[in-house]
Amino acid sequence: MEWRALNEKRRSVNYFDPSVTITVSDLQKIYEAAKLAPSSFNLQPWKVVAVLSKEEKEKLRAVAMNQPKVTEASAVLVLFGNTRQFLESQDVFDDRVAKGYMKAEEVPRAVAMAERLYAGDRAVGYASRNVGLFAMNLMFAALDQGWDTHPMDGFDVEGVQKLFGLDPKYVPVMLLAIGKKRPDAALLPRGMRRSFDEVFILR
Ligand SMILES: Cc1cc2nc3c(=O)[nH]c(=O)nc-3n(C[C@H](O)[C@H](O)[C@H](O)COP(=O)(O)O)c2cc1C
């Protein structure tokens, strides 16, 4: 679908048809389209836990403000950001050297620069920024392939961390419900958007 049409069609769908299942192959296709999202240094600091089973969705719902879409959606993607990805990406730097972005001897300097930019109290911001862009791409890729989505940050960070037990370098940034809108459910009209004049400061 053309981007403008996709953008107008995308809504945060609150009511999913719980009888619809999504396969790993569907998720792979969505990922293959979404992975072209930009990321700083192309480090792709994201990790996704795809929650597919009823039992796991119920556990997730309990730490996600009891939002019904968590159990009604076909899957909920828990989008984590890797706050240390810049120290764990030799593959990306090798690729950048092979493709002429930089020389091999420049890699340590690039890693040190990334560490200065993204470590310490900037790490969660770094991971969240990049995961946010990836999330947007996932939403458009899913819609393009016939799936509705709903992003959520209404969850208990510690609860989600505890539930999946990943290394604490992974911070949960967003939940993304994926499924098909219940045919009988009507969404409320699209919420207002701020005007150009309100949003932009021209200098
Ligand atoms: C980062 C983020 C977090 C959100 N968290 C929730 C949430 O926890 N629960 C919810 O019902 N909606 C959530 N929303 C959905 C927004 O309310 C919705 O995107 C907004 O009202 C605009 O509606 P639209 O997406 O249909 O255009 C979230 C959206 C974003 C982008």
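The values are calculated or read from the model by the stated rules, or taken from the named source; none is laboratory data. On a predicted model such as this, the values are computed, not experimentally measured, just so you know. All Cβ positions, glycine included, derive from the backbone under ideal geometry; neighbour counts span all protein chains shown. With ligands, DNA and RNA removed, areas are computed over all heavy atoms of the protein, side chains included. Shrake-Rupley method; radii C 1.70, N 1.55, O 1.52, S 1.80 Å.
One table, with the values for the structure above:
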read-out: For Gln161, net neighbour charge (Lys/Arg +1, Asp/Glu -1) across residues whose Cβ lies under 12 Å away; value: -1
read-out: Choice from Lys162, Lys103, Lys180 with maximal GNM fluctuation in the chain (Cα, 10 Å cutoff); value: Lys103
read-out: Heavy-atom accessible area per residue - the chain, 1.4 Å, Å²; value: 58 Å²
read-out: Average Cα contact separation per residue, the chain, under 8 Å, 6 or more apart, as relative contact order %; value: 35 percent
read-out: Peptides ranked, highest mean first, by Cβ atoms within 10 Å: ranges 17-29, 149-161; value: 149-161, 17-29
read-out: Segment 1-76 - percent of accessible surface contributed by carbon and sulfur, probe 1.4 Å; value: 53 percent
read-out: Computed P(r) (all Cα pairs; segment 65-127; 10 Å bins; percent); value: 19, 33, 23, 15, 10, 0
read-out: Cβ-based charge dipole, segment 1-152, positive-most Cα from Val76, Ala98, Ser12; value: Ser12
read-out: Potential lengthening between Glu105 and Lys29 on full extension [0.36 nm per residue; Cα-Cα distance subtracted]; value: 23.7 nm
read-out: For segment 56-182, alpha-carbon Rg relative to the globular expectation (2.2 N^0.38 Å, N residues); value: 1.25
read-out: Net charge of Cβ neighbours under 12 Å - reference Ala50; Lys, Arg +1; Asp, Glu -1; value: 0
read-out: Neighbourhood net charge (15 Å Cβ-Cβ; Lys/Arg +1, Asp/Glu -1) for Ala119; value: +2
read-out: Helix-only CD estimate at 222 nm, as mean residue ellipticity for the chain, using -39500 (n - 2.57) per DSSP H run (n ≥ 4); value: -12000 deg cm²/dmol
read-out: Dimensions in Å of segment 117-203 - Rg and Dmax from alpha carbons; value: 16.9, 49
read-out: When each of Lys9/Lys47; Lys57/Lys99; Lys59/Lys181 is checked by Cα-Cα distance, pairs over 30 Å; value: Lys57/Lys99
read-out: Computed over segment 1-96: relative contact order in percent, which uses C-alpha pairs under 8 Å that are six or more apart; value: 36 percent
